[in-house]
1. Which condition breaks for residue 75 when tested against (1) more than 18 Å from the chain's Cα centre (by Cα); (2) under 18 Å from residue 181 (Cβ atoms)?
2. Among the residues of segment 195-203, is there at least one that is over 21 Å from residue 39 (Cα atoms) and not basic (Lys, Arg)?
3. Would you mind telling me which numbered condition in (1) over 19 Å from residue 102 (Cα atoms); (2) touching a Leu at 6+ places or on another chain (Cβ under 6 Å); (3) at pLDDT 95 or above residue 156 fails?
4. Can you tell me which residue among 154, 167, 188, 132 is closer than 14 Å to residue 45 by Cα and over 12 Å from the mean Cα position of the chain (by Cα)?
5. From the list 142, 150, exactly one residue is open to solvent by 10 Å² or more (accessible area, probe 1.4 Å) and out of contact with any His (no Cβ under 7 Å at 6 or more places or on another chain). Which is it?
6. Go through the residues of segment 229-238 one by one and say whether even a single one is hydrophobic (A, V, I, L, M, F, W, C), in contact (Cβ under 8 Å) with a residue 40 or more places away in the chain and either open to solvent by 10 Å² or more (accessible area, probe 1.4 Å) or within 30 Å of residue 67 (Cα to Cα) (or both).
7. Just name the residue that is nearest to the chain's Cα centre (by Cα) out of those in segment 78-109 that are farther than 15 Å from residue 131 by Cα and among the hydroxyl-bearing types (Ser, Thr, Tyr).
Amino acid sequence: MKQIYALLTLIFTATFVISPFLTAPFSGFQADQLPIPQVDPPIQPAGYAFAIWGLIYGWLAVSAVYGIVKRAEDTAWDFARKPLILSLAVGTTWLSVANASAVWATVLIFVMAITAIIALLRAPATDLWWFAVSVGIYAGWLTAASFVSLGSTAAGYGILTDAMGWAYIGITGALVVTGIVMMRRAAAPYGLTVIWALVGIIVGNGLTTWTVSALAGIGIVILLGLIAATRASGRSVPS
């Protein structure tokens, strides 16, 4: 069946979008999920930042519908659809897993992020607003969210350092990954979404933990410069 990847993308986009309505609400790992409870860890963005999921769900849904109507047998779309399908399939189960296990939730969100990034890197050069932009926003938020999950979970198990230390590690890790991705492909929506998460971290920390806010601020400046450079080159920063 030539339209199989378009159909699977539509199906798993639907299950991904519907999943929040079928699982218990998730607003962070509960105290009994971690040996060292993490209450408002410094790596976590302010609550308002998570509203971006509305945009992500909506744009992915529009992209999937457009894809099956207009690009059902497009090989360029199919090349990018394959990793996206895996990301969405894993994402469909993520909320249920997160409510049960912080460790497995962290593992799975990295799987989601990696496959979403691969889909972004494979996104067709045409139809940017229909595929690359939607997947870029999705992959950008997952890049940030995966390191938030890692920082919260690792601090919750007392690995290497405390919550402050993992905030520094997590922000740095997210910046490194974002930089690598953007040097391979000019993807402003991806970078801007990570910036959205960093702004949320600054709002969440304020001056109380100003060093975390400062690192996030430095990251924003770096990413804005990288976005400008990649847009100027049309693809990537010269090596």
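1. Answer for residue 75: the failing condition is (2).
2. Residues of segment 195-203 that are over 21 Å from residue 39 (Cα atoms), as a first pass: 195-196.
Within this subset, residues satisfying the condition of being not basic (Lys, Arg) are 195-196.
Looking through segment 195-203, at least one residue is over 21 Å from residue 39 (Cα atoms) and not basic (Lys, Arg).
3. Condition (1) is where residue 156 drops out.
4. Working: 154 fails: closer than 14 Å to residue 45 by Cα; 188 fails: closer than 14 Å to residue 45 by Cα; 132 fails: closer than 14 Å to residue 45 by Cα.
Within the list 154, 167, 188, 132, the selection yields 167.
5. Working: 142 fails: open to solvent by 10 Å² or more (accessible area, probe 1.4 Å).
Answer to the check: 150.
6. Let us first name the residues in segment 229-238 that are hydrophobic (A, V, I, L, M, F, W, C), namely 229, 232, 237.
Adding the requirement that they be in contact (Cβ under 8 Å) with a residue 40 or more places away in the chain leaves 237.
Retained after the next criterion (residues that are either open to solvent by 10 Å² or more (accessible area, probe 1.4 Å) or within 30 Å of residue 67 (Cα to Cα) (or both)): 237.
Scanning segment 229-238 turns up at least one residue that is hydrophobic (A, V, I, L, M, F, W, C), in contact (Cβ under 8 Å) with a residue 40 or more places away in the chain and either open to solvent by 10 Å² or more (accessible area, probe 1.4 Å) or within 30 Å of residue 67 (Cα to Cα) (or both).
7. First, pick out the residues of segment 78-109 that are farther than 15 Å from residue 131 by Cα: 86, 89-109.
From the residues that got through so far, the ones that are among the hydroxyl-bearing types (Ser, Thr, Tyr) too are 92-93, 96, 101, 106.
Working: 92: 14, 93: 16, 96: 18, 101: 19, 106: 12 Å.
In this case the residue turns out to be 106.
The values are calculated or read from the model by the stated rules, or taken from the named source; none is laboratory data. Predicted model, so just to flag it, every value in this text is computed and none were measured. Here Cβ is always computed from backbone atoms with ideal geometry, including for glycine, and neighbour counts include all displayed protein chains. Note: accessible area is taken over every heavy atom of the protein model, side chains too, but ligands, DNA and RNA are not part of it. Shrake-Rupley method; radii C 1.70, N 1.55, O 1.52, S 1.80 Å.
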